[in-house]
Each structure stands twice: as structure tokens, then as C-alpha cells.
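Laboratory data are not the source of any read-out in this text; all were calculated from the coordinates shown. A quick note: this is a predicted structure, and the numbers were derived from the prediction, not measured. No Cβ is skipped: glycine too gets one built from the backbone with ideal geometry, and neighbour counts run over all protein chains shown.
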Amino acid sequence: MKSRLLQSAILVGITLGLVVNCPAQGKETSAPGMSDKAVRDPKIAAALQQVSAARIQANIEKMVSFRTRSTLSAQDPASLAAGRGIGAAREWIKAEFERYSNDCGGCLEVKTDSFTEEPADRIPKPTQITNVYAVLKGTDAENTKRIVLVTGHYDSRNSDTLDTTGDAPGANDDGSGTAVSLESTRVLSRLKFPATIIFLAVAGEEQGLNGSHHFAKMAKEHGWQIEAVLNNDIVGGDKSAEQDHSVVRVFSEGLPAAATERDTSRIRGLGGENDSGSRQLARYIADVGRAYDVGVKPMLVFRLDRYLRGGDHYSFNQQGFSAVRFTEFREDFHHQHQNVRTEKGIEYGDLPKFVDFDYVARVARLNAAALASLASAPAPPADVHLLTKDLENDSTLTWTASPGGRAAEYEVLWRATTSPEWEHVQKVGNATHTTLKLSKDNVIFAVRAVDREGHRSLPVVPVPER
Ligand SMILES: [Zn+2]
């Protein structure tokens, strides 16, 4: 017991030492999450005010009106004319994107990514799957190729994954996520950003993530520079008694799905299992949540997804992109993947009456704030290294300038190896290296780029260099 106390005392001493011993060349901030310094851009804050719960409600009710959006449901001309089935839903989403584009003088490119999926586990015959998306091109020539993306799946299902005609309203799963993509498009298309934003609605999720798999693979093959993917799936804030409407969960992978043997070996050796790109994105969203008062708090969950469940962010993780999942705090499984019915007094089915549209609007504001912050920020610094050729107690970090020329300065972040979020930040000016009087053995570092207005890039954790 005594030695344990002693150990704690030493730990506290080390932690205090970190703050006291930090070098004097820059200003160091030490606050949980450093929210006091998080930049709040008035243009972004004003755009968030435009997010409308009434519009989100109308969009979710419209999606439910197609009766089923099963990926296997009808998409022939007659079903389109009748407004029933996934084909009709797809055409409506496309028309909405086009309407928003007309309202911003044609600022969006509205596109589809359509392919035929061959028979598989939950796909009995060759099936056409179509992802619909709108591109808000970045206005800066050097940064337009950088992409941030928001997605939800517009397909739905009931108790039977193979039911092609029975009602599958999918108000929460995932009318809510699709509504977040649509409403983010509407409010952000009125602004201009140096980097590109893609607003996506995918199909095939319930059959096996088919739509997102195809899209992410296409993005990888075309060399698209996707820096962040926000996947919203079940963000309806189901009105069950145990729901916490002040919280939205943000799931992020630890060990990256795309890690090579070499990556895994380094992660194992240095304790990097809590520092995937997706986890940096999750921490970034937590910071955005503190900077903008959107009325819902991101609750970081350090795992890929919930037990027994998966989602479209994983398709992007598999291709090496940073991607997270937003999901309401508590799910009601009577209201997901169920035929609409009442049994022993329990109502089953994913109906709009269980959705809290104000909650979806708050989640949409959080998403829009994160997208706008990332699309306004400079590219993250490149080739970030931590020099490890000598045994020494100082730590030297080097990097190359943020590509795209928008960085005005850089900041070094660090935290105790046991801490979930960044604890300290130090400005280091417009430099590409710095030495800190901190032992790399005791903390985890990262470097981020900051533009003239204070927009911050995603942080990059250094790789060791001998
Ligand atoms: Zn879903």
C-alpha cells in the first residue's frame, strides 16, 4: 500500500513537472480539452443557427412516405411514379441536393455512384445500388483536393432483411442520419470553404455496408484526399424514458483496420493504440462541441462500434480513412429492424413518432460545426517525426509545412499516456521543428497547423525517427 501511494505521488509529481518545466519560448495552455482556446468562427456559428428541426422532421417524414427503402425494393419507373421503394427515395434525395444547389447559384455538383452488386449473403440477385452525393468544392486551388465528408444511409429494413415490399419506415435508422447529411448541405452550401465538403447518402448498409464499401474503395482508387468521415447512423434520440438527449456517442476505432504489420508492430511497441487518425477526429469533434454551443455533447466511445453492430464508417476505415460514427446515447431495439406492430402492449417499428427532431437538429449542428471547422482549417502538417536517435530527456519534433500554404503557425499538443484527450498546447510559431523540455517517454505528442483566423487542423502524432 505504501509503495502504491509513493507511486501515485511520483505520478502526480511528473504530471506537475510537465506544466512547470515547459519551455518559455511559447505560450502554453493547460486546460482539460483546451476548450478555452478553441476557435469559434462567427460565420460558422451563424450557419448553425439556420439548422431547422422542422425541416429535418419534414425530410424524415418524406423518407418514411416511401413505405420501404429496402435496398432490394423496387426502383422501376412505375415505383418511382408511385413514390414507393428505394428508387423513389433516391430520386427525391437527388432532387433535394439539386434544389439546395439552385439556391446557392449552382454551388454543388450533384452526383450518383451506381453499381450492380452481385448475389451475396443478404443480396439474393444482382442488385443496382446507388449512392447519392453533393460536392461543395473548396475555393482554394491548393486545398480544394482536401475533402471532409458526412454520410448517412438512406436504405431501411424491417424484421426480415430480405423483405422487399413490407413497410420499413426507417425514421431513426437511418432517416435521421440522411437528414443530417441533407440539412448540413442546406446550411453549409451558403458558405465558402478552402477545402471540399462531400455530403453523402449511401444505400446497401443493411445488406452489408455495400454502398459505403463501393464509395470508399472508389475514393481510395482515385486517390481522393479524404481527411475525415462523419457517419451518422441512428441519431434520432429515440424518446424512451432512459434516453439522455444531452449526449451523442462518437465511436472511433483504436487499432486501425488498415494498419500494416509494420504499423501494428510500432503501435504495440510505443503504446499507440489510442492514437489512430479516427481517434484524433473524435477528439477534434469533442473540441468543436466545446467551442460551439450546439446543445448536445459528444461522448467519445473508444471502440469501433457497438456490440453486434457495424456501420458505414468501417468501410472508410478499411480503406485507411479516418472515420467515426455518431449514434444516440441509448437505442431502443423495439424501434429498429422491426416490422411495425403492437405485441403484448409493446409498440415495434422505426416510426417518426419515436424520433426527437430537436435532438437530430442538435446533432446536425455538431456535424456542421465539425465539417465547417475542418474545411476552414489548413491541411495537417506532414512527415511529423519525433527524434529518437539518442537517449535524452528533451523531446525534438520535426515536420514539414502544412501542404497548401494556409498555415500561419503550428501548435504542439501533449497529454499523459493515460489521458483520453489532449491536455496541453504550446504555440511554436511558423516553425517546422521544436524541442520541448519534456520526456517523450512520459507523454504522447501531436502537432497541428493553425491558420490566421485560428482554424486548427487535425493533429498528427509523430512517428519515431532514428
Ligand atoms: Zn443503420
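Our compactness index for the range 403-456, the C-alpha radius of gyration over the empirical 2.2 N^0.38 Å, is 1.20. Return the lysines within reach of LYS427: Cα separation strictly under 22 angstrom, same-chain partners fewer than 8 residues apart disregarded; answer none if there are no such residues. Here the lysines satisfying the reach criterion relative to LYS427 are LYS27, LYS37, LYS437, LYS440.
Rg and Dmax of the range 49-170, based on Cα coordinates, read 16.3, 49 Å. Toward the positive end of the charge dipole of the range 349-466, about the Cα centre and with charges on Cβ (Lys, Arg +1; Asp, Glu -1), which of HIS424, VAL463, ALA372 goes farthest? Of the options given, the answer is ALA372. Using R0 = 45 Å, the C-beta based FRET efficiency linking VAL340 and ASP394 works out to 0.10. The mean of 1/r over all pairs of different alpha-carbon atoms in the range 128-209, once inverted, gives a Kirkwood hydrodynamic radius of 14.0 Å. P(r) for the range 355-454, from all Cα pairs and a bin width of 10 Å, is 14, 36, 29, 14, 6, 1 %, short bins first.
With a Förster radius of 60 Å applied to the C-beta separation of SER79 and ASN442, the computed FRET efficiency comes to 0.45. Note on the chain: dipole from Cβ charges, positive end direction compared against LEU387, PRO169, LEU209; the farthest Cα belongs to LEU387.
Compared with the direct C-alpha span, the chain from GLN49 to GLU142 gains 30.5 nm at full extension, assuming 0.36 nm per residue. Note that the range 281-418, at 20 °C in a medium of 1.002 mPa s, gets a Stokes-Einstein diffusion coefficient of 112 µm²/s from its Kirkwood radius over C-alpha pairs.
Hey, could you grab the Kirkwood Rh for the range 104-156? Inverse mean 1/r over distinct alpha carbon pairs, Å, one decimal. Every distinct Cα pair counted, the radius reaches 13.9 Å. For the chain, the share of DSSP beta bridges that are antiparallel, to the nearest 5, is 65%. Run the quick spin-label model on ALA95 and ARG309: label points 7 Å from Cα toward the beta carbon, then report their separation in nm to one decimal. Here the modelled spin labels are 3.2 nm apart. Between GLU465 and LYS217, the FRET efficiency estimated from the beta carbon spacing at R0 = 51 angstrom works out to 0.95. First check a/c for the range 263-332, with a ≥ b ≥ c the square roots of the eigenvalues of its C-alpha gyration tensor; if it is under 1.5, answer rounded, and if not, answer prolate when a/b is larger than b/c or oblate otherwise. Here the range 263-332 falls in the oblate category. Once you sort the root eigenvalues of the Cα gyration tensor of the range 301-343 as a ≥ b ≥ c, which label holds: rounded (a/c under 1.5), prolate (a/b larger than b/c) or oblate (the other case)? In terms of gyration-tensor shape, prolate. Quotient of the Cα radius of gyration of the chain and 2.2 N^0.38 Å, N being its number of residues: 1.01. The rule of thumb for compact globular proteins, 2.2 N^0.38 Å, goes into the C-alpha radius of gyration of the range 157-289 1.26 times. Subtracting the Cα-Cα distance of LYS297 and THR116 from 0.36 nm times their residue separation leaves 61.2 nm of extension gain. One Cα centroid belongs to the range 422-453, the other to the range 327-345; the line between them spans 47 Å. Seen through its C-alpha gyration tensor, with square-root eigenvalues sorted a ≥ b ≥ c, the range 221-354 comes out prolate because a/c lies at 1.5 or above while a/b is bigger than b/c.
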